[in-house]
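No value in this document is a laboratory result; all are computed from the given coordinates. It should be emphasised that the depicted structure is a prediction, and the values quoted were computed from it without experimental measurement. Virtual Cβ from ideal backbone geometry, glycine too; neighbours counted across all protein chains shown.
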Amino acid sequence: MSTDQIMQATFLTLMGGAIFVSYLVSQRGRMGKVAQQASIWGLIFIGAIGAIGLWGDISRDVLPRQSVTSGGDIVLPQQADGHYYIRLGVNDVPVDFVIDTGASQIVLSQQDAQRIGLDPDTLRYLGSASTANGIVQTAPVTLDRVTLGDVTETRVPAVVNGGDMFGSLLGMSYLSRFSNIQIRDGELVLTR
């Protein structure tokens, strides 16, 4: 938070407190009713804070994640965190990826690798990759099937990240299969 935001929050808190205290003073004779109303408003406030806190999860599940146009383009809306997400079928299991043009390959998290039938504990972590979090070990794998829309590709090379990841990455080895990648109006458009 910036200093201005802290000052604004402090001012609004003090102003709200002053209004609340003046209301309590004006309602001296009906404190039971005031307590009931305060409880209701408190629950409304807690519900609103909860909805705001969960909005990222709610919007991710409710808002459209990807669509295919009549021309076959894949359109991905930019999410609230600024990233573009895409869901691919990997070995017939839906896996969510972050589009990452800075990643050279498809990079699976250990959790996603396990979901598609790979055992991260038995993989050979022979490679390494330089990430924002430092150097991590990687294990080369071959994905039997990768499906996007009505296109299925077989024997797709990828790596499993040996470190902790928040999700899997769809890097340039897969994105280069598209003839055009364009960002416009808050959407990423992939054209075959």
| query | Short version: ³J(HN,Hα) in whole Hz for each residue of the stretch 19-34, in order, from phi by Karplus 6.51 cos²θ - 1.76 cosθ + 1.60 (θ = phi - 60°), x for Gly and Pro, what are they? | reply | 5, 5, 5, 5, 5, 4, 5, 6, 10, 3, x, 10, 5, x, 5, 4
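Before anything else, pin down the relative contact order of the chain: Cα pairs under 8 Å, at least 6 apart, normalised by residue count, whole percent. Don't skip to the answer; put the middle values down first.
Working: 275 pairs, mean separation 39.3, N = 192.
This gives 20 percent for the chain.
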| field | Test item: Cα-centred dipole of the chain, Lys/Arg +1 and Asp/Glu -1 on Cβ, debye | value | 640
| query | Between Leu143 and residues 5 or more places away or on another chain, which pairs have amide H atoms under 5 Å apart, with H built 1.01 Å from N, and which residues are they? | reply | Val156, Ala158
| request: Counting helices only, and only those DSSP H runs with n ≥ 4, report the 222 nm mean residue ellipticity of the chain as the sum of -39,500 (n - 2.57) divided by its residues, in deg cm²/dmol to the nearest 500. | output: -11500 deg cm²/dmol
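Can you compute the FRET efficiency between Asp150 and Asp81 using 1/(1 + (r/R0)^6), with r the Cβ-Cβ distance and R0 = 30 Å? Round to the nearest 0.05.
Numbers: r = 29 Å, r/R0 = 0.96.
E(calc), rounded to 0.05, equals 0.55.
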| remark: PRE zone check, label point 7 Å out along Cα-to-Cβ of Ser173, amide N under 13 Å, scope the stretch 120-143, hits 126-129, 138-143
| task | Take the eigenvalues of the Cα gyration tensor for the stretch 3-62, scale each by 5, and report the square roots as semi-axes in whole Å, largest first. | result | 30, 20, 5
| Say the dipole of the chain comes from +1 at the beta carbon of Lys and Arg and -1 at that of Asp and Glu; which of Leu24, Gln111, Pro157 then lies farthest toward its positive end? | Leu24
| the chain: Cα Rg divided by the 2.2 N^0.38 Å rule of thumb | 1.52
| query | Taking amide H positions as placed 1.01 Å from N in the peptide plane, with prolines and chain starts having none, which residues 5 or more places from Ser168, or on another chain, fall under 5 Å of its amide H? | reply | Val98, Ser109
| field | Nitroxide proxy distance, nm - points 7 Å out along Cα→Cβ at Asp121 and Leu24 | value | 5.7
